Amino acid sequence: MAKFNSAKDSFLVQHTDFSLREQVKYPNGGQSRFYDNGTDMVIIDEDICTHDTGEPIFSYMLITDKQNNYMHQFKRVFRFLGYTQAEVEQYLSKEEITLSGDYLVTVGDRGEQLDVSPLELHFEKSFSNTYGMNALKYLTREYGICDERGKNYFLDYLVRTKNGKYAVEENGVTYHHPQIIGEEKYRNQLKKQNTCTLWGIKLFRFSTEDCAFENRIEDDIKQYFGNDTSEFVNDGIKIDRKVALYEHQTVSLQEIRKRREAGIKAFLIVLPTAAGKSKIVEEDLREYAGNKQNFKGLILVPGVNILLDWEERIKTSLPELKDKIEIKTYAYMARHYTDVQPDYYDYLVVDEAHHAVAPVLKRVIQYFNTGFTIGLTATDQRPDKKKLETVFGTYSTSLSLKEAMEKEIVAKANVYRIETNIDLSQVRFNGKDYVNADLEKRIRVTSRNELIVNVLEEYFTSGEAGLRQGVIFCVNVNHANEMAKLLNSAGITSASYTGQTRNPMGVMENFKQKKFRFLCTCNMISEGWDYPELGILVMARPTLSKVLYLQQIGRGLRKTDGKKNVIIIDVVDEYGAMIKACNMHSIFANPYYVPFGDITRTDYMPGDMIVIDGIEEKIERITEVDVNSFEDKYGSYLSQEQVAREYFVSTGTITSWIKRKKMVPTVEYRFGSKSLYLFSPEDVEKYRKELDIKEHNDSTIKQDFFDFLEERDYSLSYKMPFMLAVIKYINSIGDAKIDDVLDDYIAFYQDRIRRGLQVERST
């Protein structure tokens, strides 16, 4: 302790009711003096911000430790950089400030939420470790206060107990240490702290250095806030920056809870990409887990990219559940779902839930007997016409893509069309989409690819438009490679991003660092990939699948502060009399084409000038376009192959019945020498009755199996033991582990060998 002359201390001379409690000197020559009058404490810092180049930074804990200890002991603690009587008196003479009002931030998805730092997550984990998982409900994030001039400050956390109000500031050393941030920023920091004191809030600081000692942090939390959560008050702090849901999110949450109360255990959320589906799940998970002891959740995702996104989402938004929720890919769970009991998980989330009726994934979902299952998808339509109701029950959509754009929940779409003379009328159809081999032959035409490049050169190489990055959706790897080569030759930096790309992670990272402007891809980023800054989508791959098309445009719908719209370029080919490929006008049922116009508007007038990112287009004509959509028109129809599966017969049998006029297709489309036959649901049922075809469904599966057994030839000795092994180990949803079956099968014959019995049929 340094020697001190109280007679020369200006503060003590002018505040005779105070005495010097402690004086601290720092390695940089600065010092802090701690004065108190038994109730209040005033800390005066001198030269604490000085820092010579090359000199080390002293430990930030020298500041936080002592202040936190004194904050706990005294009613009020003020801190100043240097002493001026007027400034100190301004605070000492004031009474507690009390104000009311709400600070709202509306969010649509994770990317727009209030930032949560790793340091804050560390504190939340420590708080949960101290008081239990549900204790986070006592933490109010981003609590708002204001000074005497009305300037707003937001505290990282506020905790209210029966004995008072406590704030927590998470202080990263690099942005809070006075030697690093300098005098001006340090003064602002102290202004926030002193204002907090006037609000009657005691403020504790936890730094990255403090967090290096986990046990100590938890001990400090107990010391500052008490040992017992019964002292905490959960009365809804009125002055906080809350996270408000959009109307459609609130509607979905209400519907979920209403159905759950009615005993319904499944729900499907159908909302456009970027409309905040995941946020709905986060809020429901938080409530559901909070009322469930020993909660266990499972999130199923189609791929690793979405898995990583969910991991970050849970860590950021639901840190209290980080160790209670598992995130697995479909492929992983298909191999391992029987490793746990059916009732192991309380809550199941199926992301990209339009895959849920695929046989393998459906088995996984139906294996688990969870308290609640929820699916997320941007589209409930599937090319194979299978219904999601079989997994999730009845559902409804609370927001269309058009509504989401009109309400500015997602980015608006401005559409440009590149019309080609490429004839696709001879391209075959496989019941779901164009045949890729045929499509490649027609699409990989140099003139078509050059036309796309010319449009990008004309509109997107200068001004604001030239700053946008984009994705070009191609037919296959060769098409993607050719497009990237042409773009680079034209001076537009591009890269091919396909399943054959060397170092795909490096390519993606370079794209996100804006080292090139366009990714040319095929089936790599249609689903689950998220890059909010994406500003241009070029639909160079014709598709009849509305599902695929919506997945692709969804990559560009995420809004950011700097991006309010996405430009979609539809490449429109000649189709003859054939059903037209999907495009933005067919999706939105907008029959009028306006270059670069907002796809949701139909009120444009000739002579109007459209300006987007510096691109100007005068509307000289409004051309009506064909909005025919294959899936909208025939989405419920079944192909010849699907009818065969429905009837449990071969495709050849259906072909034979058509030739013999026992069945007449509802629709016939010719593709060159080939014909596509489609059957309406009504005709499928009509011919089922006429041909006396038994219906096969979940309720008949048991009898179907025994009928199958009766029809087989079991003259070979190995068949029956194998079938018995299958029956022995089959589970409730029709699965049996092959290892169990084989072990039983082998054991059967090993037993016969031991007993000297015949193991093969004599011939």
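The values are calculated or read from the model by the stated rules, or taken from the named source; none is laboratory data. All figures in this text were calculated on a predicted structure; none of them were measured in a lab. With ideal geometry, Cβ positions are generated from the backbone for all residues, glycine too; neighbour counts draw on all protein chains shown.
Below are the figures for this structure:
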{"item": "Counted residues, the range 429-446 - those being charged (D, E, K, R), at pLDDT below 80 and touching a Leu at 6+ places or on another chain (Cβ under 6 Å)", "result": "1"}
{"item": "Residue that is farthest from residue 124 (Cα to Cα), among those in the range 166-212 that are touching a helix residue (DSSP H, G or I) at 6+ places or on another chain (Cβ under 8 Å) and basic (Lys, Arg)", "result": "202"}
{"item": "Selection status of residue 460, at pLDDT 90 or above, in contact with a helix residue (DSSP H, G or I) (Cβ under 8 Å, 6 or more places away or on another chain) and of a type in the set (Phe, Trp, Tyr)", "result": "no"}
{"item": "Any hit, the range 475-498, residues being under 16 Å from residue 537 (Cα atoms), exposed (fewer than 15 other Cβ atoms within 10 Å of the Cβ) and of a type in the set (S, T, N, Q)", "result": "no"}
{"item": "Qualifying strands (runs of 3 or more DSSP E) (wholly inside the range 1-74; at least 1 residues being surrounded by 13 or more Cβ atoms within 10 Å (Cβ to Cβ) and of a type in the set (S, T, N, Q))", "result": "19-25, 31-36"}
{"item": "Where residue 668 falls short, out of the listed (1) at pLDDT 75 or above; (2) farther than 29 Å from residue 580 by Cα; (3) under 42 Å from the mean Cα position of the chain (by Cα)", "result": "(2)"}
{"item": "Every residue from the range 626-679 that is aliphatic (A, V, I, L, M), buried (at least 16 other Cβ atoms within 10 Å of the Cβ), free of Cβ contacts under 8 Å to residues at least 60 places away in the same chain and not in a helix (DSSP H, G or I)", "result": "627, 663, 678"}
{"item": "Subset of the range 709-737 that is assigned to a helix (DSSP H, G or I) and exposed (fewer than 11 other Cβ atoms within 10 Å of the Cβ) - its residue that is modelled with the lowest pLDDT", "result": "711"}
{"item": "Counted residues, the range 159-193 - those being farther than 15 Å from residue 61 by Cα, β-branched (Val, Ile, Thr) and in a helix (DSSP H, G or I)", "result": "1"}
{"item": "Breaking point among (1) assigned to a helix (DSSP H, G or I); (2) at pLDDT 85 or above; (3) surrounded by 14 or more Cβ atoms within 10 Å (Cβ to Cβ), for residue 404", "result": "(2)"}
{"item": "Odd one out for residue 442, checked against (1) surrounded by 17 or more Cβ atoms within 10 Å (Cβ to Cβ); (2) of a type outside the set (Asp, Glu); (3) under 30 Å from residue 565 (Cβ atoms)", "result": "(3)"}
{"item": "Residue under evaluation residue 624, criteria (1) over 35 Å from the mean Cα position of the chain (by Cα); (2) over 30 Å from residue 565 (Cα atoms), criterion not met", "result": "(2)"}
{"item": "Count - residues of the range 72-120 that are in contact with a Lys or Arg (Cβ under 7 Å, 6 or more places away or on another chain) and modelled with pLDDT of 90 or more", "result": "1"}
{"item": "Selection within the range 348-373 - assigned to a loop (DSSP other than H, G, I, E, B) and within 20 Å of the chain's Cα centre (by Cα)", "result": "352, 356"}
{"item": "Tally, over the range 680-694, of residues that are over 27 Å from residue 438 (Cβ atoms) and either touching a Cys at 6+ places or on another chain (Cβ under 8 Å) or surrounded by 12 or more Cβ atoms within 10 Å (Cβ to Cβ) (or both)", "result": "9"}
{"item": "Residue within the range 408-429 that is within 33 Å of the chain's Cα centre (by Cα), in a loop (DSSP other than H, G, I, E, B) and surrounded by fewer than 17 Cβ atoms within 10 Å (Cβ to Cβ) present", "result": "yes"}
{"item": "Those residues of the range 595-609 which are assigned to a loop (DSSP other than H, G, I, E, B), within 33 Å of the chain's Cα centre (by Cα) and on the phi < 0 side of the Ramachandran plot, in sequence order", "result": "595, 599, 600, 601, 602"}
{"item": "Strands (runs of 3 or more DSSP E) enclosed by the range 455-530 - at least 3 residues per element that are touching a Cys at 6+ places or on another chain (Cβ under 9 Å)", "result": "470-473, 494-497"}
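Residues are listed down the side, and each one gets a yes or a no for (1) touching a helix residue (DSSP H, G or I) at 6+ places or on another chain (Cβ under 6 Å); (2) in the same structural domain as residue 463 (by TED's automatic domain parsing):
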position	(1), (2)
573	no, yes
583	no, yes
592	no, yes
596	no, yes
612	no, yes
643	yes, no
646	no, no
652	no, no
664	no, no
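Listed here are the residues, each with its yes/no results for (1) out of contact with any Gly (no Cβ under 6 Å at 6 or more places or on another chain); (2) without any contact (Cβ under 8 Å) to a residue 60 or more places away in the chain; (3) surrounded by fewer than 20 Cβ atoms within 10 Å (Cβ to Cβ).
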site	(1), (2), (3)
559	yes, no, no
566	no, no, no
571	yes, no, no
575	yes, no, yes
588	yes, no, yes
592	yes, yes, yes
598	yes, no, yes
601	yes, yes, yes
606	yes, yes, yes
